Amino acid sequence: MEGFSVTISEAACLGVSLALSGFSFYLYKKSRTTIDKLNNAPRLTIDKKLKDILKVTPGACLRYVVIEGGVKPSGKPLISWYNKENVGVLRRFMVKEHRLLWNGFLRTWTDNERLLHENIEAVPFLLVGLDNTKIRVLSPLQAAGLDMEVTYEKFHQVSHSLGDLMGQYFTGEKPKGQLEIEEMLKVGTNLTGVGELNLDTDGTLSLRPPSNGSQYFLTPADFDTLQGENEDIAFWWKVLAITSALAGAAIIFWAGLRYYRHLKALREQERERREFNRLQNNVPDQDNLQDVAMCVICLSQPRNCVLLDCGHLQHRSLKVPPQLLSQAEVWTDWTIAPL
């Protein structure tokens with residue numbers, strides 16, 4: 001469309017806003033699907049009735065269920081490296097580097113964290129009900145929401161020499177130290193599991209990631225808290241999608257408004273051109289100027305004004321075009337009166 005143009009910055013912002021809006025909407029729909037599946041998932045109690053339920057279920061499998069039970073290792077548990085009293089089934093050890101980086105835009109030092117090392121260990125474990133019914137948990141590291149308890153944390157501060165301090169101002173980086181963290185999923189922790197429940201051929205109950213692609217959860221929080229967290233996630237993805245879409249719409253509106261003003265200016269120019277042509281067509285031809293009283297000053301244009309020393313304007317019924325009126329000579333102490 002002629003005149004409808006978008007600047008490079010507007011096009012870039014429009015592309016980013018539309019991409020962000022589409023991505024956010026996709027994640028929002030995915031979160032809503034997860035919430036709907038959680039709401040429709042049956043909540044079962046870990047007891048002896050579970051096997052009876054699965055025996056009459058086609059395929060001896062429940063695709064998506066919610067269960068709660070205590071953590072118990074199926075073999076030898078893991079022991080904390082720093083406190084022998086802490087026993088668990090999952091252990092994660094991390095080393096993080098903390099440093100200060102110079103921000104030239106803000107003209108200040110900002111904190112930065114970088115993961116230097118991570119080690120995860122796991123042993124098979126079970127979820128145990130009140131009547132000692134056991135469910136084997138498979139692939140726990142694939143589950144979402146698996147927050148573990150911090151069993152050890154220590155910060156090792158770095159000492160700097162004078163030369164190091166001077167070099168830091170040139171490199172824009174100040175190491176602060178390293179943080180060691182040990183996290184464990186302790187024995188006895190109550191877990192909420194959401195996934196696929198199967199009755200194996202050996203009569204063992206097992207909880208595993210759903211084969212239909214649904215979200216797999218293992219979390220210390222209760223089921224209501226899990227639902228609330230997912231509702232919050234879906235809400236914020238929805239807000240981000242709407243905000244990004246509105247930003248893109250604002251850019252399109254601004255470009256459209258600029259195009260409307262451009263069309264309005266073109267219409268105004270066309271109107272002025274037509275008015276100019278109309279006035280130009282009303283000017284007498286040079287061949288007919290002999291029949292009109294000639295100007296006594298320029299001797300080339302028809303007489304179109306009088307000079308009055310009294311200062312009063314005297315109008316006649318003759319309408320003189322403005323372009324002819326503008327050609328009259330004006331002297332001091334005289335008033336021009338159109339004829």
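Of Leu263, Leu240, Leu289, which residue is over 30 Å from Ser24 (Cβ atoms), modelled with pLDDT of 85 or more and open to solvent by less than 70 Å² (accessible area, probe 1.4 Å)?
Of Leu263, Leu240, Leu289, the one residue that is over 30 Å from Ser24 (Cβ atoms), modelled with pLDDT of 85 or more and open to solvent by less than 70 Å² (accessible area, probe 1.4 Å) is Leu263.
Exactly one of (1) touching a residue at least 60 places away in the same chain (Cβ under 8 Å); (2) surrounded by fewer than 20 Cβ atoms within 10 Å (Cβ to Cβ); (3) among the polar types (S, T, N, Q) is unmet by Gln215. Its number?
(2)
When Trp254 is evaluated against the numbered criteria (1) modelled with pLDDT under 90; (2) crowded, with 17+ Cβ neighbours inside 10 Å; (3) not charged (D, E, K, R), which criterion, by number, is the only one it fails?
It fails just one condition, (2).
Which of the numbered conditions does Asp224 fail, given that it passes all the others? Conditions: (1) open to solvent by less than 30 Å² (accessible area, probe 1.4 Å); (2) of a type in the set (D, E, K, R); (3) closer than 30 Å to Leu50 by Cα.
Among (1) open to solvent by less than 30 Å² (accessible area, probe 1.4 Å); (2) of a type in the set (D, E, K, R); (3) closer than 30 Å to Leu50 by Cα, the lone unmet condition for Asp224 is (1).
Quick one: how many residues across region 169-181 are outside any strand (DSSP E or B) and not polar (S, T, N, Q)?
The total comes to 3.
Do we have Arg114 as in a strand (DSSP E or B), of a type in the set (Lys, Arg), open to solvent by 50 Å² or more (accessible area, probe 1.4 Å) and under 27 Å from Ser31 (Cβ atoms) here?
Answer is no for this residue.
What are the residue pairs meeting all of these: first residue in region 13-38, first residue assigned to a helix (DSSP H, G or I), second residue open to solvent by 40 Å² or more (accessible area, probe 1.4 Å) and small (Gly, Ala, Ser), Cβ atoms under 7 Å, and 6 or more apart or on different chains?
Ser17/Ala247; Ser21/Ala245
Which number in (1) of a type in the set (Asp, Glu); (2) in a loop (DSSP other than H, G, I, E, B); (3) free of Cβ contacts under 8 Å to residues at least 24 places away in the same chain marks the one condition that Asp131 misses?
Answer for Asp131: the failing condition is (3).
Let's see how each residue does on (1) assigned to a strand (DSSP E or B); (2) open to solvent by less than 80 Å² (accessible area, probe 1.4 Å); (3) over 28 Å from Thr219 (Cβ atoms); (4) at pLDDT 85 or above:
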site	(1), (2), (3), (4)
Asp147	no, no, no, yes
Tyr152	yes, yes, no, yes
Ser159	no, no, yes, no
Gly167	no, yes, yes, no
Glu183	yes, yes, no, yes
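Taking into account only those residues within region 134-145 that are in a loop (DSSP other than H, G, I, E, B) and within 33 Å of the chain's Cα centre (by Cα), which is nearest to Leu101 (Cα to Cα)? I'd like the intermediate steps shown before the answer.
Residues of region 134-145 that are in a loop (DSSP other than H, G, I, E, B), as a first pass: 138-139, 143, 145.
Next, only the ones that are within 33 Å of the chain's Cα centre (by Cα) stay: 139, 143, 145.
On the way: Ser139: 39, Ala143: 35, Gly145: 31 Å.
Of everything passing the filter in region 134-145, Gly145 is nearest to Leu101 (Cα to Cα).
Could you pull out the residue among Lys72, Lys30, Lys55, Lys51 that is in contact with a strand residue (DSSP E or B) (Cβ under 8 Å, 6 or more places away or on another chain), open to solvent by 70 Å² or more (accessible area, probe 1.4 Å) and at pLDDT 90 or above?
Lys72
Can you pull out the residues in region 191-220 that are out of contact with any Lys or Arg (no Cβ under 9 Å at 6 or more places or on another chain), at pLDDT 90 or above and part of a loop (DSSP other than H, G, I, E, B)?
Pro209, Pro220
Quickly run through region 83-110 and pick out the residues that are loosely packed, with under 15 Cβ neighbours inside 10 Å and closer than 30 Å to Glu121 by Cα.
Residues of region 83-110 that are loosely packed, with under 15 Cβ neighbours inside 10 Å, as a first pass: 83-85, 101, 103-108, 110.
Result: Asn83, Lys84, Glu85.
The values are calculated or read from the model by the stated rules, or taken from the named source; none is laboratory data. If you're wondering where the values come from, they're calculated on a predicted model, not measured in any experiment. Neighbour counts run over all protein chains shown; Cβ positions are idealised from the backbone, glycine included. Accessible surface areas use protein heavy atoms only, side chains included; no ligands, DNA or RNA. Shrake-Rupley method; radii C 1.70, N 1.55, O 1.52, S 1.80 Å.
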